[in-house]
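Nothing in this text is a laboratory measurement; each read-out follows from the coordinates by a stated rule. Note that the coordinates shown come from a computational prediction; the quantities given were computed from them, not determined experimentally. Heads up, the Cβs are rebuilt from the backbone with ideal geometry, glycines too, and the neighbour counts pull from every protein chain shown.
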Amino acid sequence: MRHMKPNRSTPTISAHKLARLIALAQLMLAWIGWVLFSANPPRPSRRRIRQRFRLLDPDCMARVIRHLVLARATQMARPTAKTRRRNHAPTGFQRRMRRGGRARSLAGSALRKRLQHRDLATRLSILAHALNRIDEFARDICRRYARGATRLYPILAVRPPHASARSVALAAALAAIDSS
């Protein structure tokens with residue numbers, strides 16, 4: 001049986017599932033705001049706290065939102081030849097094809113800085129704003145996505161071809177003969 005290649009032209013997440021995940025993230029932000037900043041805060045049960053404890057961290061929520069923005073940008077970007085990295089390297093060289101941090105690098109530092117603030121209430125409102133205007137945030141990433149992550153895939157010298165001693169000596173002799 002032949003090994004089947006996955007179809008890369010289809011998005012990895014459907015539009016319906018992405019919309020559901022965005023709505024879930026909005027509800028989670030609303031719940032966090034309600035618990036932390038309400039005049040009469042509710043007393044959540046232990047089960048709710050255990051379920052949502054990790055998401056109470058604003059850095060974790062920012063990562064979730066960043067991944068949702070990346071998923072939306074992937075849907076918006078048209079697959080081109082630049083989005084697929086090929087290992088075209090000369091003999092003796094190799095392109096680094098596997099590299100961690102691709103999502104973080106494609107999102108860029110500008111998006112990470114836009115999702116941060118020192119005040120917790122302001123940060124929650126920034127995160128909610130990012131979810132409400134996810135297409136604006138994704139459009140910026142689409143431009144980066146189309147250019148490709150060239151710094152992530154450098155060409156490395158594995159066994160570079162050596163210059164022969166005769167060609168080096170010949171070049172030195174020719175340089176000495178030149179009297180101009």
- Assuming R0 = 35 Å, can you tell me the calculated FRET efficiency for the pair Arg48 and Gln75, based on Cβ-Cβ distance, to the nearest 0.05? 0.65
- Message: Could you check the spin-label model distance between Ser105 and Trp31? Points 7 Å from the Cα along Cα→Cβ, value in nm.
- Response: 3.5 nm
- Using 0.36 nm per residue, how much length does the chain from Glu136 to Ala121 gain when fully extended, once their Cα-Cα distance is taken away? 3.2 nm
- Based on the Cβ-Cβ distance of Leu21 and Arg159, what FRET efficiency does E = 1/(1 + (r/R0)^6) give at R0 = 45 Å, to the nearest 0.05? 0.45
